[in-house]
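**Student:** If you scroll down you'll find the structure; I have some questions about it.
Read-outs: derived from the displayed coordinates by stated rules, not from any lab. Not measured: the values here are computed from a predicted model. Neighbour counts run over all protein chains shown; Cβ positions are idealised from the backbone, glycine included.
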Amino acid sequence: MKLLDQQTSVSGQITVADIDQLVELGVEILVCNRPDNEAKGQPLYSDIASVALNKAIEVVNIPFSAGQMTPEQVEEFAALLKQGKRIHAYCRTGNRCTQIWTAATQ
């Protein structure tokens, strides 16, 4: 897990087993930037979302493939940041999450 600022952290793919740690860290919004079925063995967004919602974490799906981030996706992420809540975003490696955060904070 990499902390980008006091509000936002990013990581590679998480599992349902990681949700309790995110709760302990005070995460209020969980953002998925990875499309489902991007690679074998990755859990589906819906599986992660179901567990996170049961732990009172808001979940948001903003999936995009590498190099295909849209202005609308950046605006959606920026709107989440404006809420001031603690956010954790994940994708396959964390790079796309860092890219969308960088674009949203410009």
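**Student:** Residue farthest toward the positive end of the dipole of the chain, with Cβ of Lys/Arg at +1 and Asp/Glu at -1: which of Asn95, Asn37, Pro63?
**Tutor:** Value computed over the given set: Asn95.
**Student:** Sticking with this structure for a sec: For the chain, what is the charge dipole size about the Cα centre, in debye to the nearest 20, if Lys and Arg each add +1 at the Cβ and Asp and Glu each add -1 at the Cβ?
**Tutor:** I would put it at about 200 debye.
**Student:** Further question on the same structure: Working from the alpha-carbon coordinates of the chain, get Rg over Rh, Rh being the Kirkwood radius.
**Tutor:** A ratio of 0.92.
**Student:** Also, quick follow-up: May I ask which residue of Gly26, Val74, Leu4 lies farthest towards the positive end of the charge dipole of the chain, with charges of +1 (Lys, Arg) and -1 (Asp, Glu) on Cβ and the Cα centre as origin?
**Tutor:** So the residue we want is Leu4.
**Student:** Need one number: nm distance between label points at Thr70 and Arg92, each 7 Å from Cα along Cα→Cβ, rounded to one decimal.
**Tutor:** Computed distance between label sites Thr70 and Arg92 equals 2.1 nm.
**Student:** Quickly estimate the mean residue ellipticity at 222 nm for the chain, helices only: each DSSP H run with n ≥ 4 gives -39500 (n - 2.57), and the total goes over all residues, rounded to 500.
**Tutor:** -10500 deg cm²/dmol
**Student:** Report the residues of region 5-40 in range of a label on Asn61: point 7 Å along Cα→C-beta, backbone N strictly under 15 Å from it.
**Tutor:** The answer is 30-39.
**Student:** If the only charges are +1 at each Lys and Arg Cβ and -1 at each Asp and Glu Cβ, what is the size of the charge dipole of region 28-83 around the Cα centre, to the nearest 20 debye?
**Tutor:** Computed about the Cα centre, the dipole is about 160 debye.
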